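What follows is calculated from the coordinates using simple rules that are stated; it is not laboratory data. Every value quoted in this text rests on a predicted model; they were computed, and no experiment measured them. Counting neighbours? That spans all protein chains shown, and the Cβs are built from the backbone with ideal geometry, glycine included.
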Amino acid sequence: MRPFADDAFHAGNSVLGRYLDALVAALSGIDAGEVATYIPQLGRADPSDFGIAIVTADGRLYRAGTWDRAVTIQSVSKPFMYGQALTELGRERVLASVGVEPTGERFNSIVLDEQHNRAFNPMVNSGAIVTASLLTRATAEAGAADMLDLFSRLAGRRLDIDAEVFRSEDETGHRNRAIAWLMLNSGMIEPEPDMVLDLYFRQCSVLVNCADLAAMACTLATLGRQPMTGDQVFSPEVTRDVLSVMTTCGMYDYAGQWLYDVGLPAKSGVSGMIMAVVPGQIGLAVYSPKLDAVGNSVRGIEVCRTFARDFGLHTC
Ligand code: DON
C-alpha cells in the first residue's frame, strides 16, 4: 500500500483547497457543543481542533485546518464493518441479525427489534455489536487483525489502534456490555459477548486523520474501489447497501433532519468525526470534537450543510 503521492496533495493552491481553507476560517467562530467525556480518554481532545479533507474519485486529496490530527474513528467504523459482514456472509444472513430501519432513538439506546429478534440497524450500538459478532474469529487477536487490515485497505495506508482509548472504552463500556448480554439472552448474538465487545471497542479505537477518513469515504463513493490503490475492497452491491443504511440511519436521531438539510449518505462518531459521501465523486471527512446534544460534531454538521449547498449536492 502506498500513502498519498506528493503530487496528489492539493492544498491552498487549488480552487477546492482555497474553498476548504475559507470554510475552516468562516466556521471556526462556531463554539457551541461539548467534547464527549463519557469515555474519559475522549475528554482530552483539543476543542479548537478543526480539520477537513476531501478525496476525489481520481485519488486527489484536498485538506484544510487540523486535517492531520489522528483521532479515534468511533462510530464511523460501523458502516465499514457492516460492509465486511455483507461481503463475508451475504445479505440474507446479515439481515437475519440486523435490519435496516432507523430507530429514532439515541445511538446507545437499548431498543431492539423484538418482532424479528434482531437489532434495528447496523449504525446504532446494538446493531454494530451484532455486526461485530458476525465478524469475530477464533481468537480476539485474529478478529482485531482482520478488522485493522480491512480499515487499512480502505484508507490506503497502515492504520493502528489507540491502546489508551481502547482500554478506556473497555473499562467504561457498561452500557454496551448490557446491550451485548441482553442480545445473547435473546439469541441475537452467539459468540461469547466479551470477545464481541473486544472487537467492537477495538474497531472504535482505530486512529484516523481526516485524509484517512476521506479516503475511506471515497472508497464508498467509487463503488468499493479504493481511489489511490485501486484495491476493490467491497463489491458495488455491498457498497450500495452500506450507503443506503448510512443514508437512513447514519446520523442517529438526527438522520431525518440531516437528509432534509444535507441529502448525503453520512456517518458521525463521538470523537467529532463526520464522513459524508457524494456517490461517484467525493469522500468528505470533518473533524471538530465539540458535539451537539445528539452526539454529532457541531462544526462538522455545518461544514457538510454548507458544502452540500455551495456545490448543489443535495439530490434527494
Ligand atoms: O459505543 C460507544 O460508546 C463508542 N465507542 C462509539 C460511539 C459513537 O461514536 C457513537 N456516535 N455518535
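Under 18 Å from the 7 Å Cα→Cβ point of Leu95, by amide nitrogen: which residues of the stretch 237-251?
Only 237-249 fall inside the zone, counting backbone N under 18 Å.
Once both labels are modelled 7 Å past Cα along the beta-carbon direction, what's the Thr306-Arg167 spacing in nm?
3.9 nm
Per the Cauchy relation, a quarter of the hull surface: what is the mean projected area of the convex hull of the alpha carbons in the chain, in nm²?
So the Cα hull casts an average projection of 14.1 nm².
Relative contact order (percent) for the stretch 78-204, with alpha-carbon contacts under 8 angstrom and 6 or more residues of separation?
So the answer I get is 27 percent.
Determine the relative contact order of the stretch 32-134: mean sequence separation of Cα pairs under 8 Å and six or more apart, normalised by residue count, in whole percent.
Result for the stretch 32-134 is 18 percent.
Bin width 10 Å, origin at 0, all Cα-Cα pairs of the stretch 121-217: what percent of pairs per bin?
Cα pair-distance distribution for the stretch 121-217, in percent: 16, 46, 31, 6, 0.
Kirkwood-based Rg over Rh for the stretch 62-174 (C-alpha set), two decimals?
Over the Cα atoms of the stretch 62-174, Rg/Rh equals 0.99.
Could you tell me which of His174, Leu23, Val245 has its Cα farthest along the dipole of the chain towards the positive end, charges placed at Cβ (Lys, Arg +1; Asp, Glu -1), taken about the Cα centre?
Leu23
I'd like the distance between the alpha-carbon centres of the stretch 191-237 and the stretch 284-308, rounded to an integer number of Å.
Computed from Cα coordinates, the inter-centre distance equals 20 Å.
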